[in-house]
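Each remark here refers to the structure printed beneath this line.
The values are calculated or read from the model by the stated rules, or taken from the named source; none is laboratory data. Quantities reported herein were computed from a predicted structural model and do not represent experimental measurements. Glycine also receives a Cβ, built like all others from the backbone with ideal geometry; neighbour counts cover every protein chain displayed.
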Amino acid sequence: MADQLMDETTKQIILSAEPGLVISGAGLSVASGLPTFRGAGGLYADEPPPFLEYNYFLQHPEESWDGFIKLHDDLSSEVKPNKAHEAIVRLEEMGIIGFIITQNIDGFQQEAGSRNVIELHGSYSRVRCIECRHAIELKDYDELKNPNLRRCKQCSGLCKPDVTLFNEQIDESIVNASMSALHCCGFIVLIGTSAQVYPARHFIEMAKAARKPVININLESSGSLADYEILGKCEEILPQLVEEFQA
Ligand SMILES: [Zn+2]
């Protein structure tokens, strides 16, 4: 019993509450071989490249598209979901987790088998028109290289990968879906995110105001944000928690 990650009291709080809401970030996909965007060893040590900025895209769509494709090529060398994504699917199947809001754009959580995933910052697996919002699902990521996808077939507006760029507004339907998940959930689990970036930060503040417990699973402490923390690698912690809840 000494090796239990989660104490009995916290475990009982979780088991007696409505299903939880996971808010995940880049730390979840590190074990898949994806670098985090910021921080030590991150993809962008300082500033993100200009093509990830929404206004730059509007002014220089062709250069931005070249950047999107290069970024995709840099990231997509045989990466796939890891044990942490799979453990979240198990917790969903067990009814412990009800919803997942991910800040990641890799699509791994759905690929692992999760159903109720809200992609807060979109996904590289679609291309969307910025004018009429018409979206095209890509069969595989190499389709991004098809130049015909850069203009909308319906309205000839500019299209871009369906990810939220810096200084771009998050789609209202996504914010609304997040709010209703937040409203329904019994508790929040932060996984692999420092949760400093809005709107994720805002969601957590709202959960705290509604007195929903916040659990943090990450390499780093969230300070006073979480009520309960398990620090370490999420790909090691989450499979062990699945076992503890099965016991
Ligand atoms: Zn369009």
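Some observations on this one:
- Inside segment 90-119, residues that are over 19 Å from residue 185 (Cα atoms), touching a Lys or Arg at 6+ places or on another chain (Cβ under 8 Å) and surrounded by 21 or more Cβ atoms within 10 Å (Cβ to Cβ) make up a count of 1.
- Lone qualifier among 18, 47 - being loosely packed, with under 14 Cβ neighbours inside 10 Å, at pLDDT 90 or above and assigned to a loop (DSSP other than H, G, I, E, B): 18
- Considered as a group, the residues in segment 146-202 that are in a helix (DSSP H, G or I) and within 16 Å of the ligand (Cβ to nearest atom) include one that is farthest from the chain's Cα centre (by Cα), and that residue is 148.
- Looking across segment 167-214 at every residue that is crowded, with 19+ Cβ neighbours inside 10 Å and of a type in the set (Phe, Trp, Tyr), the one that is farthest from residue 82 (Cα to Cα) is identified as 203.
- Scan of segment 205-247 for residues that are in contact with a Leu (Cβ under 9 Å, 6 or more places away or on another chain), farther than 16 Å from residue 28 by Cβ and assigned to a helix (DSSP H, G or I), ordered by number: 205, 206, 207, 208, 244, 245
- Segment 69-89, residues that are part of a helix (DSSP H, G or I), surrounded by 20 or more Cβ atoms within 10 Å (Cβ to Cβ) and of a type outside the set (Val, Ile, Thr): 84, 85, 87
- Scanning segment 136-145 for residues that are touching a residue at least 40 places away in the same chain (Cβ under 8 Å) and either aromatic (Phe, Trp, Tyr) or within 12 Å of the ligand (Cβ to nearest atom) (or both) yields one hit, 141.
- Residue within segment 176-185 that is closer than 30 Å to residue 95 by Cβ and in contact with a helix residue (DSSP H, G or I) (Cβ under 7 Å, 6 or more places away or on another chain) present: yes
- Selection from segment 115-135 of residues that are within 16 Å of the ligand (Cβ to nearest atom) and over 21 Å from residue 52 (Cβ atoms): 132, 134
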